[in-house]
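Contents: one structure, followed by commentary.
Taken together, the values in this text are just the output of simple stated rules run on the coordinates, not laboratory data. Keep in mind the model is a prediction, meaning the values are calculated, not measured.
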Amino acid sequence: MKRRQMATPSRPKPGSRSAPPKRMAKSEKAPFNFRRSFFSVVLWGLGIMNVLLIASSVRNHFATGNEHAIISDTAVVAAEPNTIIKIEVLNGCGVDGVARKFAEFLKKRNFDPVNVTNYDSQNIPRTAIIDRTSNELVNGRKVAQTLGLADDYVVYQASPERMVAVSVIIGQDYKAIQLAPK
């Protein structure tokens, strides 16, 4: 019985000689193909546009968080009446128990004194109210009004690391502040 050999497209039949594919000489250049060049330029352009769109999307997705809505000068921002404002009361006058006394007074008036301690310095001449959350001084003015102080006692100083809306630093003028019963 004879064995049959199957011809495959990749191998020539044994005994047959086929001519090898013609190769270009090194000195010959391929003719310019306009269609191939045009598609290459278009593909590169589309690739660059995709990269730009992806970068823009990523940038918008991971925005800094410092964006704020623009409020006109005529807009009035008021604190919600039933909102309890978290405050810290710091003793800056050096007299024992003053911060605790002010914290108890403010707690009776629906403020939440979460931190009652001494300030870094013990010789602060004037009481200061620092609004930490609103540059319109809404929360600070509410505390100042409760203590019977003018609006010029209130300043704005953002402090994201503090977990309070208002810091009250009791100064050496604490005796002039009347803590009247409710």
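If amide hydrogens are placed 1.01 Å from N in the peptide plane, which non-local residues have theirs closer than 5 Å to the one on Lys86?
Result for Lys86 returns Asp112, Ala165.
Given contacts defined as C-alpha pairs under 8 Å and at least six residues apart, what's the relative contact order of segment 85-176, whole-number percent?
Rounded, it is 41 percent for segment 85-176.
Can you tally the lysine pairs in segment 89-182 where the Cα-Cα distance is under 17 Å and the two residues are eight or more apart, or on different chains?
7
Out of all Cα-Cα pairs in segment 85-176, roughly what percent, to the nearest whole number, are more than 16 Å apart?
Summing the P(r) of segment 85-176 above 16 Å gives 47 percent of all pairs.
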